[in-house]
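Novice: Please find one structure pasted underneath; my questions will follow.
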Amino acid sequence: MSYNNIFDSHAHYDDVAFADDLDEVIKKIQESGVTNVINIGCSIQTSKNSIELANKYPFFYCSVGIHPGDCENLPDNYIDILRDLAKNEKVVAIGEIGLDYHYTDGASPAQQQKVFEEQLILAKELDLPVIIHSREATQDTMELLKKYKPKGVVHCFSGSAETAKEIVKLGMYLGFTGVLTFNNAKKAKEAVLEIPVDRLLLETDCPYMAPTPFRGKRCDSSLIEYTATAMALLKGVSTQEMIDIANKNTCDLFNIK
Ligand SMILES: [Zn+2]
Ligand SMILES: [Zn+2]
């Protein structure tokens, strides 16, 4: 079965995993029906890389932001740098930003929260949506989302159906990766069942999070159809319908015409 109109709302094609064959991969995903990609910044450098990719490939968009795992040793003027980068017309969001308490050797929760908040304020100022990364930090993430009420998406959602409903109540979207295809993805599946279909985004987070049956391998946007099929089954629509709905949701959120 082949699909079209696929929008991968979250990818990292500047990752070293694509260093040797990026042009081939880009050709392959276009032949697989992928019509749009948002390449995500995680640091000042990868934000610049994302802009470069979006300028090189017409069907790419990008975001700029500091990931919680990259928020140590930032220059004092990092917000000014991001504000400047966000002027590029291919930039559609501030992200990925958020909190990640999984790794204990990274920045402290207090430092992560400071950088997260400063970027939420920047997104408000620029009237841009945010792309949220939250791992083992649900309570603190939700507190800040309730405080700032940004437009945006909580990406690679893995929380409870309860949390998913709270996010929808805030007017935000939820993005799902290949994790949705895993046999043990009970929570993600329960969340999808609870969320209105107009709040769902499809993403790969490639090169990570390859869906079953490619789990553990390098992921790319052509594999998103497996995630779309898993989501479509839960929502009672066809895979192509799910792809079309998620495409429209992504365009609505990121103001893409
Ligand atoms: Zn992430
Ligand atoms: Zn990511």
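None of the figures in this text is laboratory data; all of them are computed from the coordinates on show. As the structure is a prediction and not an experimental result, all values here were calculated from the model. All Cβ positions, even for glycine, are placed from backbone atoms using ideal geometry, and neighbour counts span all protein chains on display.
Novice: Report, by residue number, each residue of the stretch 154-187 that is within 16 Å of ligand 1 (Cβ to nearest atom) and either part of a loop (DSSP other than H, G, I, E, B) or surrounded by fewer than 16 Cβ atoms within 10 Å (Cβ to Cβ) (or both).
Specialist: Once the filter is applied, which keeps residues that are within 16 Å of ligand 1 (Cβ to nearest atom) and either part of a loop (DSSP other than H, G, I, E, B) or surrounded by fewer than 16 Cβ atoms within 10 Å (Cβ to Cβ) (or both), the stretch 154-187 yields HIS155, CYS156, PHE157, SER158, GLY159, MET172, THR177.
Here's the yes/no breakdown for (1) under 22 Å from THR177 (Cβ atoms); (2) of a type in the set (Phe, Trp, Tyr); (3) within 20 Å of the chain's Cα centre (by Cα):
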| position | (1), (2), (3) |
| --- | --- |
| LYS27 | no, no, no |
| SER32 | yes, no, no |
| VAL37 | yes, no, yes |
| ASP70 | yes, no, yes |
| PRO75 | no, no, no |
| ASP80 | no, no, no |
| ASP84 | no, no, no |
| LYS90 | no, no, yes |
| LYS114 | no, no, no |
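Novice: Residue pairs, Cβ under 8 Å, 6 or more apart or interchain, first in the stretch 144-171 and farther than 22 Å from GLN112 by Cβ, second in a loop (DSSP other than H, G, I, E, B). List them.
Specialist: From residues that are farther than 22 Å from GLN112 by Cβ, the pairs are ALA164/PHE157; ALA164/ILE195; LYS165/ILE195; VAL168/ILE195; VAL168/PRO196; GLY171/LYS149; GLY171/LYS151.
Novice: Still on this structure, I have one more. Provide a single number: the residues in the stretch 229-257 that are surrounded by fewer than 18 Cβ atoms within 10 Å (Cβ to Cβ) and assigned to a helix (DSSP H, G or I).
Specialist: 6
Novice: Suppose the filter is within 25 Å of ILE79 (Cα to Cα), surrounded by 15 or more Cβ atoms within 10 Å (Cβ to Cβ) and more than 16 Å from ligand 1 (Cβ to nearest atom); does VAL92 pass it?
Specialist: Yes; evaluated as a whole, the condition is true for this residue.
Novice: I've got another one for you. What strands (runs of 3 or more DSSP E) completely inside the stretch 25-114 contain at least 3 residues that are among the small types (Gly, Ala, Ser) and closer than 21 Å to THR204 by Cα?
Specialist: 91-100
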